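To start, the structure under review is shown below, and the notes come after it.
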Amino acid sequence: QVQLVESGGGLVQPGGSLRLSCAASGPTFNTYTMGWFRQAPGKEREFVGAISWSGSGTRYADSVKGRFTISRDNAKNTVYLQMNSLKPEDMAVYYCGASRRVWGIRFADYDYWGQGTQVIVSS
């Protein structure tokens with residue numbers, strides 16, 4: 001069982017930056033692929049990016065490539081999402097997930113989810 005807690009959301013102006021964190025419980029964090037998804041009102045949860053268990057590999061949705069960066073610190077059981085050059089369309093609730101699969105870009109690939117953290121992009 002893995003419990004995930006996201007933090008770091010908030011209000012930011014367009015063009016600004018935020019760093020989200022996802023803290024995980026349990027001794028096996030470093031065996032999971034970790035992913036970030038987001039869900040805007042009235043829309044389905046969509047893939048943002050993922051990082052392999054070792055941190056050596058990452059994948060991103062085209063909509064955030066070049067602006068967002070995922071990293072992880074296995075010693076701290078934490079995964080991060082650095083978001084730069086934020087746009088109004090990035091506004092959503094952001095969720096982190098843990099997957100036992102080698103890679104996961106689909107909602108169904110993930111076994112555990114956090115409760116989400118709200119990101120508001122507005123001037």
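The values are calculated or read from the model by the stated rules, or taken from the named source; none is laboratory data. The structure presented is a predicted model; accordingly, all values stated were derived computationally and were not measured. Every residue, glycine as well, gets a Cβ built from its backbone with ideal geometry; the counts of neighbours run over all protein chains shown. The area values use the complete protein model at the heavy-atom level, side chains included, leaving out ligands, DNA and RNA. Shrake-Rupley method; radii C 1.70, N 1.55, O 1.52, S 1.80 Å.
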Output the residues belonging to the stretch 67-84 that are open to solvent by 40 Å² or more (accessible area, probe 1.4 Å), within 16 Å of residue 18 (Cβ to Cβ) and part of a loop (DSSP other than H, G, I, E, B). 84
Picked from the stretch 21-31 (must be touching a residue at least 24 places away in the same chain (Cβ under 8 Å) and open to solvent by 20 Å² or more (accessible area, probe 1.4 Å)), the residue nearest to residue 95 (Cα to Cα) is 21
Subset tally (residues that are assigned to a loop (DSSP other than H, G, I, E, B), of a type outside the set (Ser, Thr, Tyr) and surrounded by 14 or more Cβ atoms within 10 Å (Cβ to Cβ)) for the stretch 41-57: 3
Of (1) within 12 Å of the chain's Cα centre (by Cα); (2) in a loop (DSSP other than H, G, I, E, B), residue 62 fails just (1)
May I ask you to verify whether residue 13 is touching a Phe, Trp or Tyr at 6+ places or on another chain (Cβ under 8 Å) and either among the aromatic types (Phe, Trp, Tyr) or touching a residue at least 60 places away in the same chain (Cβ under 8 Å) (or both)? no
Hits in the stretch 63-107 - residues which are aromatic (Phe, Trp, Tyr) and at pLDDT below 95: 103, 107
Quick one: how many residues across the stretch 85-102 are farther than 14 Å from residue 14 by Cα and open to solvent by 70 Å² or more (accessible area, probe 1.4 Å)? 3
